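A short write-up of the structure that comes next.
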Amino acid sequence: MTLVVDSFELGTLGANCHVVRAGRGAPEAAVVDPGGDVAALRLELARLGTRCAAILVTHADADHVGGVAELAEGTNAPVFAPPRDLMPAERVSGWVHVRDYTVDTELTGGETIDAAGIAFEVVAIPGHSTDHVAFHADDCLFSGDLLFAGSVGRVDLAGGDWDTLLDSARTLIERYPPETKVYSGHGPLTTLGGELQRNPFLAALRATPSKPAE
């Protein structure tokens, strides 16, 4: 399977929303982190000739979930997301208005979910926030706010922790091939191998040998 990913900056903070399809012309898509501007997003879905069959949430920061409730109501798509009670309340309020949304399937890592005909592996990656997960399918990784091109997620908000974030980044780098494409919550497309080589925030990982395979 060769996934097709279209990314859009949505909401007042311009977080990336990723529309993931099993191929061009696929009638259904999984939408990762709809942070807002749902009317514009639905126009893009119509332009692509696809419909939202599932909503995947990496974490509950306001700029990543601002459009979840409206998109779910407008499409009847189920919401796959971490449990709401894992996220401190201040992370989902105060930045932008977020309507309350229902999580149909709670994710804590270790699950495999089928959405729009795509099998997504769910990986727990706390550090930026306590509730954070990533989604992996084919050669694509949707990392939310853990890992960016040349940077990493902030750890100064409630639930953030630098050592935990670094351990989560190590988990991804050791688990998936270096050519894995990383679709982040902000910024451009990158790869795991490229970030391990060049990302200044991952210098400690370059200095520490990978664990031997068991």
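Since every read-out is calculated from the coordinates, none of them should be taken as a lab result. All values derive from a computational prediction rather than experimental measurement. Glycine gets a Cβ as well: all are built from the backbone with ideal geometry, and neighbour counts include every protein chain shown.
Report the residue, chosen from GLY35, GLY74, GLY11, that carries the largest GNM mean-square fluctuation when the chain is represented by alpha-carbon nodes joined by springs under 10 Å. In this elastic network of the chain, the residue with the biggest mean-square fluctuation among GLY35, GLY74, GLY11 is GLY74.
Going through the range 151-211, which trypsin sites (Lys or Arg not before Pro) have at most 16 other Cβ atoms within 10 Å and a DSSP loop state?
ARG154
Only one of (i) -0.56, -0.92, -1.09; (ii) -0.45, -0.91, -1.19; (iii) -0.39, -0.78, -1.02 was calculated from the structure for log10 I(q)/I(0) by the Debye sum over Cα atoms at q = 0.10, 0.14, 0.16 Å⁻¹, and its label is (iii).
Modelled spin labels at ALA207 and GLU106, positioned 7 Å past Cα toward Cβ, are 3.9 nm from each other.
Taking the Cα centre of the range 4-207 as origin and assigning +1 to Lys and Arg Cβ atoms and -1 to Asp and Glu Cβ atoms, the resulting dipole is close to 500 debye.
How much of the DSSP beta bridge set in the chain is antiparallel, as a percent to the nearest 5? If you can, show how the numbers build up before the last one.
Details: 25 of 38 bridges.
Bridges in the chain are about 65 percent antiparallel.
Compute the angle between helix 162-175 and the longest alpha-carbon principal axis of the chain, please, reported from 0 to 90 degrees and rounded to the nearest 10. Between the helix axis and the principal axis of the chain, the angle is about 90 degrees.
Relative to the longest principal axis of the Cα atoms of the chain, the long axis of helix 38-48 lies at roughly 90 degrees. Straightening the chain between ALA46 and GLU73 buys 8.0 nm, computed as 0.36 nm per residue apart minus the Cα-Cα spacing.
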